[in-house]
Amino acid sequence: MSDDHDADAISAYNKKFINTPNIDRLAKEGMLFTRNFVANSICGPVRATLQTGQHSHKNGMKDNRTRFDSTKITLPRIFQFNGYQTALVGKWHLQSYPVGYDYWKILPGQGQYFEPRFISMKGDTSTYHGYATNVITDEAISWLNGRNKSKPFLLQIHHKAPHRYFLAPLKYIEQYHSKTFPEPSTLYIDTAGHGTAWRLQTMSILHNMKLCSDLKVDPKYLMDIPELKPDSLDIVYYNSIFNRIPEPDRNSIKKIYEERGKLLQQLRPKGKELLKYKYQWYMQDYLACVASIDENVGRVLNYLDKNGLAKNTLVIYTGDQGMYLGENGWFDKRWMYDVSMQAPMLMRWPGKIKPGSINTNLTQTIDYAPTMLDAASLDIPGFMQGISLVPSMTGKQKILPRNKLYYHFYEYKADHTVLQHLGIRGERYKLIYFYTVNEWELYDLEADPQEQNNLIKSAAHQLIRAQMKYELLKLRDLYDDHGTAGELH
């Protein structure tokens, strides 16, 4: 699992931005899921859902600031109880320490890209030399080498990248810093007429993406430009980020990024012109981080090949949610809109999954745990709210016994100011309720895949609205999600 890796930044899904040959191997040799979604698009809650197979209101992890209850029966605990060796390396982000693992080594919080610190099972924290994505893979492969070869295993490799603040190894910065990427059709749209939630959000690339910390522009180039002058916190972030990069790479990376500062000082762009530059720099940095992820996925797959493990190992690659790559002029996630609700998922399981398969079912993060347990022929606990995808993966079941997905986002006034909302996504229509401001949105995903035209007041769609609201209430009851949003009216 990577962090904030949007499906469009994987060439098996979209070839416009980047080539990811190693991640693509899982699609060529296994299955690509084209409609896989999260139930609460934010890091910690998605990871808690992976652990429990439950929606956020049931596993207790509704936002990034909650402490996950480590006394719960979780996926690794069940595997461990059934004789599996269990290990976790990388991002954890659930506040409490991992439980149910024979071995774990985790990043504190979000972690750092360079010279990352890790907390070990002993409770001590140590700094490791190198780049986080490489170090996490090193530690995972080291565990594979030292494990008991006679026992089956569950290994979770959870990367920090490509999470903000985007910083890649020098070789990928060199490769991507001069590339130009296609702009989304909605990059420059006026979002003012789209309701309260759109008006309040603070995830605009133009207005909210920081030049120094996010885009690595040296503050010295901005101090005499009043409208671009960074605040003291942004300068602190800039210095702290670069101070972790060892020399000589630090100096080489700074020289590359100097081009951005010199351009801003010379042109002093504003409005759409400034957005054009910031979007390109964002994509360069983000995709450079993705390239490092792909390289390290390749290292793991090669290890499985060389050690005779590939044929009897189910490999799953996913991200913890989608990520806005300039759509609506935004970055980040959180929304129920498909850009951030969708998460990539690719699986390889030789002898079980037909190579080159494409799965178009509506799948969700609550399905991850039941699927892994079923794949290992272990019983799925009744408290898990997801369903096993194994029948669908192996061709025994073409259509899942579920055609609508439930969503609930809780966090507000923390980062990016996205209002709390819940909703339901069907095959064609999506209904969203921003309950703190009593505003509804209805989208026809077939006619309007970019979710720009709210049909909630359309006379021609009142029957659809009533049907979707009825289905929303049914799913809310099914998943027992009451007490937060009040009455739906």
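The values are calculated or read from the model by the stated rules, or taken from the named source; none is laboratory data. The model shown is predicted, which means the values in this text are computed figures rather than measured ones. Cβ placement follows ideal geometry from the backbone for every residue including glycine, while neighbour counts extend to all protein chains displayed. Please note that ligands, DNA and RNA were not included when accessible areas were found on the heavy atoms of the full protein model with its side chains. Shrake-Rupley method; radii C 1.70, N 1.55, O 1.52, S 1.80 Å.
List of remarks:
- Dipole size of the chain about its Cα centre, with +1 on Lys/Arg Cβ and -1 on Asp/Glu Cβ: approximately 780 debye, rounded to the nearest 20.
- Residues of the stretch 382-489: accessible area per residue with a 1.4 Å probe, Å²: 49
- Summing Cβ point charges (Lys, Arg +1; Asp, Glu -1) relative to the Cα centre of the stretch 1-75 gives a dipole of roughly 180 debye.
- Computed over protein heavy atoms with a 1.4 Å probe, the accessible surface of the stretch 91-187 works out to 41 Å² per residue.
- Residues of type lysines that Lys149 reaches as a straight line, Cα spacing below 16 Å, ignoring anything fewer than 8 places off in the same chain: Lys306, Lys311
- Each of Leu167, Thr196, Gly146 was placed along the dipole of the stretch 110-205 (beta-carbon charges, centred on the mean Cα), and the one lying farthest toward the positive end is Gly146.
- For the stretch 94-100, 3J(HN,Hα) per residue [Karplus equation, 6.51 cos²θ - 1.76 cosθ + 1.60, θ = phi - 60°, Hz, x = Gly/Pro]: 10, 6, 7, 7, x, 10, x
- Evaluated with a Cβ-only charge set (Lys, Arg +1; Asp, Glu -1), the stretch 380-426 carries a dipole of roughly 320 debye about its Cα centre, given to the nearest 20.
- Between the entries [x] 27.9; [y] 24.9; [z] 23.3, the label attached to Kirkwood radius over Cα pairs in Å calculated for this structure is [z].
- For the stretch 271-284, 3J(HN,Hα) computed residue by residue from phi via the Karplus equation (6.51, -1.76, 1.60; θ = phi - 60°) reads x, 4, 5, 5, 4, 4, 5, 5, 4, 4, 5, 4, 5, 4 Hz, glycine and proline entered as x.
- Cβ-based net charge around Tyr410, under 12 Å, with every Lys or Arg adding one and every Asp or Glu removing one: +1
- Dividing the helix sum by the residues of the chain, where each DSSP H run of 4 or more adds -39500 (n - 2.57), gives a mean residue ellipticity at 222 nm of -10000 deg cm²/dmol.
- Remark: the stretch 286-295, residue by residue, has Karplus-estimated 3J(HN,Hα) of 5, 6, 5, 5, 4, 4, 5, 4, 4, 4 Hz, where x stands for each Gly or Pro and the curve is 6.51 cos²θ - 1.76 cosθ + 1.60 at θ = phi - 60°.
- Dipole-positive endmost among Gln420, Gly395, Met384 within the stretch 381-426 (Cβ charges, Cα centre): Gly395
- For the pair Leu478 and Leu267 in one chain, pulling the backbone fully straight at 0.36 nm per residue adds 70.3 nm over the alpha carbon distance.
- Here the chain has 49 percent of its accessible surface on carbon and sulfur atoms, given a 1.4 Å probe and all protein chains in place.
- Amide hydrogen neighbours beyond the local backbone of Asn359, cut-off 5 Å, H modeled: Leu32, Phe33, Thr34
- Listed residue pairs exceeding 18 Å between alpha carbons, taken from Lys398/Lys474; Lys171/Lys254; Lys404/Lys469; Lys220/Lys262; Lys15/Lys179; Lys254/Lys276: Lys398/Lys474; Lys254/Lys276
- Dimensions in Å of the stretch 92-170 - Rg and Dmax from alpha carbons: 13.0, 41
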